[in-house]
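Scroll down for the structure; my scribbles are underneath it.
The values are calculated or read from the model by the stated rules, or taken from the named source; none is laboratory data. Note that the structure is predicted; figures quoted are calculated from it, not measured. When we count neighbours, we look across all protein chains shown, and the Cβ atoms used for this are built from the backbone with ideal geometry, even at glycine. Ligands, DNA and RNA are excluded from the accessible area calculation, which covers all protein heavy atoms including side chains. Shrake-Rupley method; radii C 1.70, N 1.55, O 1.52, S 1.80 Å.
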Amino acid sequence: MTENENEPNDCDVLIAGAGPIGQILALLLAQQGLRVTVVERWAQPYPLPRAVALSHDNLRVLYQLGLREELDPLLEPWGQEGHVFKVTDASGQTLAESQITMESESGFANMSGFSQPDLERLLEQRVQVNPLIEQRRGFSLEALSDDEPRGVTGTIRPHSGLAPIPGEPEHIRAAYVVGCDGANSTVRSLLGTEMTDLDFSHDWLVVDVLPHTPPDWLPYACQHLDPARSTTLVPSGPGRRRWEFMVMPDDDQNNVDTDENSWRLLKAWGIHPGNADLVRHARYTFRGRWANEWRRGRVLLAGDAAHQMPPFMGQGINSGIRDAAGLAWRLALLVRGQGRDSLLDDYATERSAHVAQIIEQTVFIGRMFCATDPKECAERDAMIKAMGTLDIQDASKNWRLQGGTLREDDVSGTLSVQARVGARAVLLDEAIPPPGFLLLGRDRDPAELLSPDQRAAWSRLQGRSVHFGPGGLTDTEGKYAAWFDRLDAAVVLVRPDFQVFGGAHTPQDTDDLVNDLIQRVLGRQASSEKE
């Protein structure tokens, strides 16, 4: 062993990119005791809106980080009375409409509008004060080199955000590196990984507006299907609205992304400088693609570095947060010397297949929304009108993790339920704070049924066990009983990212369920865990 190999790593995980995904991953890792370095070329967080919708499962992740009190006032839960999604034709006639779904598996609104700078301000504050996180703003990652058997070394240089600036390179050795550095990812380029591209590429002008008073004449959310210019209207956080205007071939391409053009397009919706402020406008190319290789050795991808999708289902940032949640617990186990190296292959398998489902569905919707041929548009409008509804959110019920760190049964890969429990009727995460593996028993404590070997292995994973009924938690709303019925399970094992690892039909099958987890996570039988 060389002298360099004897030196400790500078950090456990080096993250390239201090956007929301990089910072959420850093905070999740620090929550489990890991030392994290975040490298970001920009000196300050980007101040203008981008993403506008957070899904219920990702609110659960953010609240796990202690952000609920500060974040809740910044959210606009979708699905309240009057929150209707309309689809209109070129003449403005309604083709379909549906009430936006409020209920979710997580105990929060299915989707909530927000302004991304608000979230990034909270994340930045938390990252700055966390003693386990060192954030290096004004630096860019430029090279990676294997440093086996201990880790990988990243070379960083001073950067203005727009270009490198003079300065000596620095070297940071970490056990793992994660590229959260956006659609033009340096880490992805260094890996040389190819992308699966669905050949969807359309330019849209995104315009964010702050009305002076509630624009009651507007639909809450709308997709206006006009062959001359398709337009999307969505809420984007308390008091805010966003329009997305498809850029057409006969537009003055040099003046699309201007104040003047933005106001011109907004005028048809009754929005003008006298009743609203123009927050920002930006021209984007909407694409649908994902990386073919999410992991090579000790280097991984997450967020936009791994996938890009059109915004029509509001799943871009949400998929990135799911990446962070699915990766954090795996890296924590590996850094502590507990997990199998193949956990990282499982991460890549699960997340790439999951985002592929979402991107394929989003691109399908995007092609429908971006149609310009009059005959094709007439057929589309007739189809939507015959359906009477177009519930985009409903599609999320079909997204399920596949392969990876999951038991091969009928319940694995689904999102676990969070509902109110106990005499105080608090949400489960308030009663049993995450993160961690969790056994949920329908009517008796699953841990009581574990053999000594399995119990010892479960303890090493810091797993916990709760049940409903006598001596356990009260199922205040009856939602857990309904969930167990739906799954035909007496016991469910939930991973730290709130995904279901698997279930047991009877309490007596709990030992086998936990043993399957131990083998997939640790790579050995529980009996070999004895000291």
Of all residues in the stretch 472-485 being without any contact (Cβ under 8 Å) to a residue 40 or more places away in the chain and in contact with a strand residue (DSSP E or B) (Cβ under 8 Å, 6 or more places away or on another chain), the one that is farthest from residue 108 (Cα to Cα): 472
Check on residue 361, open to solvent by 20 Å² or more (accessible area, probe 1.4 Å) and either under 15 Å from the mean Cα position of the chain (by Cα) or of a type in the set (Phe, Trp, Tyr) (or both): no
Residue within the stretch 149-164 that is closer than 24 Å to residue 347 by Cα, without any contact (Cβ under 8 Å) to a residue 60 or more places away in the chain, open to solvent by 20 Å² or more (accessible area, probe 1.4 Å) and in contact with an Asp or Glu (Cβ under 8 Å, 6 or more places away or on another chain) present: yes
Single condition residue 279 does not satisfy, out of (1) of a type outside the set (Gly, Ala, Ser); (2) under 26 Å from residue 496 (Cα atoms); (3) surrounded by fewer than 24 Cβ atoms within 10 Å (Cβ to Cβ): (2)
Residue that is nearest to residue 215 (Cα to Cα) [pool: residues in the stretch 241-291 that are part of a strand (DSSP E or B) and small (Gly, Ala, Ser)]: 276
Counted residues, the stretch 89-116 - those being assigned to a loop (DSSP other than H, G, I, E, B), of a type outside the set (S, T, N, Q) and under 16 Å from the mean Cα position of the chain (by Cα): 4
Residues that are in contact with a helix residue (DSSP H, G or I) (Cβ under 8 Å, 6 or more places away or on another chain) and among the acidic types (Asp, Glu), drawn from the stretch 444-491: 453, 475
Pair list, Cβ under 6 Å, 6 or more apart: the stretch 105-120 residue on the phi > 0 side of the Ramachandran plot, other residue outside any helix (DSSP H, G or I) and at pLDDT 95 or above: 107/418; 107/419; 107/427
All positions within the stretch 412-422 that are of a type in the set (A, V, I, L, M), in a loop (DSSP other than H, G, I, E, B) and buried (at least 22 other Cβ atoms within 10 Å of the Cβ): 417
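A quick yes/no check of all residues on (1) in contact with a strand residue (DSSP E or B) (Cβ under 7 Å, 6 or more places away or on another chain); (2) at pLDDT 95 or above; (3) open to solvent by less than 10 Å² (accessible area, probe 1.4 Å); (4) not β-branched (Val, Ile, Thr):
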| site | (1), (2), (3), (4) |
| --- | --- |
| 431 | yes, yes, no, yes |
| 436 | yes, yes, no, yes |
| 446 | yes, yes, yes, yes |
| 453 | no, no, no, yes |
| 460 | no, no, no, yes |
| 470 | no, no, no, yes |
| 491 | yes, yes, yes, no |
Counted residues, the stretch 139-186 - those being part of a helix (DSSP H, G or I) and touching a Pro at 6+ places or on another chain (Cβ under 6 Å): 0
Wholly enclosed helices (runs of 4 or more DSSP H) of the stretch 1-71 bearing at least 2 residues open to solvent by less than 20 Å² (accessible area, probe 1.4 Å): 20-31, 56-64
Of the criteria (1) farther than 22 Å from residue 234 by Cα; (2) in contact with a strand residue (DSSP E or B) (Cβ under 9 Å, 6 or more places away or on another chain); (3) basic (Lys, Arg), which one residue 367 fails: (1)
Single condition residue 366 does not satisfy, out of (1) part of a loop (DSSP other than H, G, I, E, B); (2) within 31 Å of the chain's Cα centre (by Cα): (1)
Flag for residue 187 being in contact with a strand residue (DSSP E or B) (Cβ under 9 Å, 6 or more places away or on another chain) and farther than 24 Å from residue 296 by Cα: no
Residue satisfying condition, being closer than 30 Å to residue 273 by Cα and open to solvent by 80 Å² or more (accessible area, probe 1.4 Å), within set 217, 204: 217
Count of residues meeting criterion [among the β-branched types (Val, Ile, Thr) and surrounded by 16 or more Cβ atoms within 10 Å (Cβ to Cβ)] in the stretch 72-96: 2
Subset of the stretch 223-237 [under 21 Å from residue 116 (Cα atoms), part of a strand (DSSP E or B) and open to solvent by less than 10 Å² (accessible area, probe 1.4 Å)]: 233, 235
Unique match (being farther than 27 Å from residue 280 by Cα and in contact with a Ser or Thr (Cβ under 9 Å, 6 or more places away or on another chain)) among 106, 112: 106
